[in-house]
Amino acid sequence: MTQSRRGPKRNEASRRAILEATRDILRTDGYDRLSLDGIARRAGVGKQTIYRWWSSKAAVVVDAVLDGFIPTPPLPEPSGSDIAEALREWLLAFREQIASPVGRTLSRALTGAAAVDDTAATRLYTHFTGPLREHLRERLAADAELRPDADHLAAADALIGTLIFLTLSRQPVESDHLDGLLDVVLNGLRGSSNESAE
């Protein structure tokens, strides 16, 4: 497990330079080419300055996002009385956000950060994925059309996970595919829990 290091109080000017450099490199080169050496050069600081405060490039990326140096626009929440239409509009908005060049780079960066840094994964889940999963679960659980005994959290995971998987796999996310995903998920949630026994 890696995490941000504790050490001397950070110099605010150096901290800002490091986080801004991280943002700029991500935008131009992507997460794969991001390195602490490159961040240090662009920020005009020594590499040891970064190592004093962060244990990995993943930790730097997470701070850059959570501290607002890399903006993440809020994701629209599913709204409206018709659950299928509300979720379809939400999926399309989510697709546009994470499939844009900036969104794709950021998705890969944060996924990479979470994969190698347990603390980063926890912080990102707390701020992003966790609230999104819970909102979707509540929206599904509150709909009168859907079975109250269904696993609404599993359905939320299917919706979120499919979009993230396709984006990270660099596969197109077509509207027809999203309609098929909704059909499978919502039909499963509408079906009677006793159907399999009949």
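The values are calculated or read from the model by the stated rules, or taken from the named source; none is laboratory data. Everything numeric in this text was worked out from a predicted model, so none of it was measured. Using ideal geometry, Cβ is built from the backbone for each residue, glycine included, and neighbour counts are taken over all protein chains shown. Each accessible area value is taken on the protein alone, full model and side chains, heavy atoms only, with ligands, DNA and RNA left out. Shrake-Rupley method; radii C 1.70, N 1.55, O 1.52, S 1.80 Å.
Laid out as a table, the results:
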read-out	value
Filter result for residue 111 (within 23 Å of residue 162 (Cα to Cα), modelled with pLDDT of 90 or more, open to solvent by 30 Å² or more (accessible area, probe 1.4 Å) and under 21 Å from the mean Cα position of the chain (by Cα))	no
Pair list, Cβ under 9 Å, 6 or more apart: region 160-183 residue at positive phi, other residue surrounded by 13 or more Cβ atoms within 10 Å (Cβ to Cβ)	170/104
Qualifying residues in region 114-124 (those that are within 11 Å of residue 62 (Cα to Cα) and without any contact (Cβ under 8 Å) to a residue 60 or more places away in the chain) - the one surrounded by the most Cβ atoms within 10 Å (Cβ to Cβ)	114
Tabulated pairs, region 56-82, first in a loop (DSSP other than H, G, I, E, B), second hydroxyl-bearing (Ser, Thr, Tyr), C-beta under 7 angstrom, 6+ apart or interchain	56/2
Within region 19-49, considering residues that are within 19 Å of residue 112 (Cα to Cα) and among the β-branched types (Val, Ile, Thr), the one most open to solvent (accessible area, probe 1.4 Å)	28
Exclusive hit being of a type in the set (A, V, I, L, M) and touching a Leu at 6+ places or on another chain (Cβ under 7 Å), set 121, 115, 156, 142	156
Checklist (1) open to solvent by 40 Å² or more (accessible area, probe 1.4 Å); (2) under 16 Å from residue 110 (Cα atoms) applied to residue 52, failing item	(2)
Region 125-174, residues that are of a type in the set (Gly, Ala, Ser), surrounded by fewer than 19 Cβ atoms within 10 Å (Cβ to Cβ) and closer than 20 Å to residue 77 by Cβ	130, 141, 142, 144, 154, 158, 161
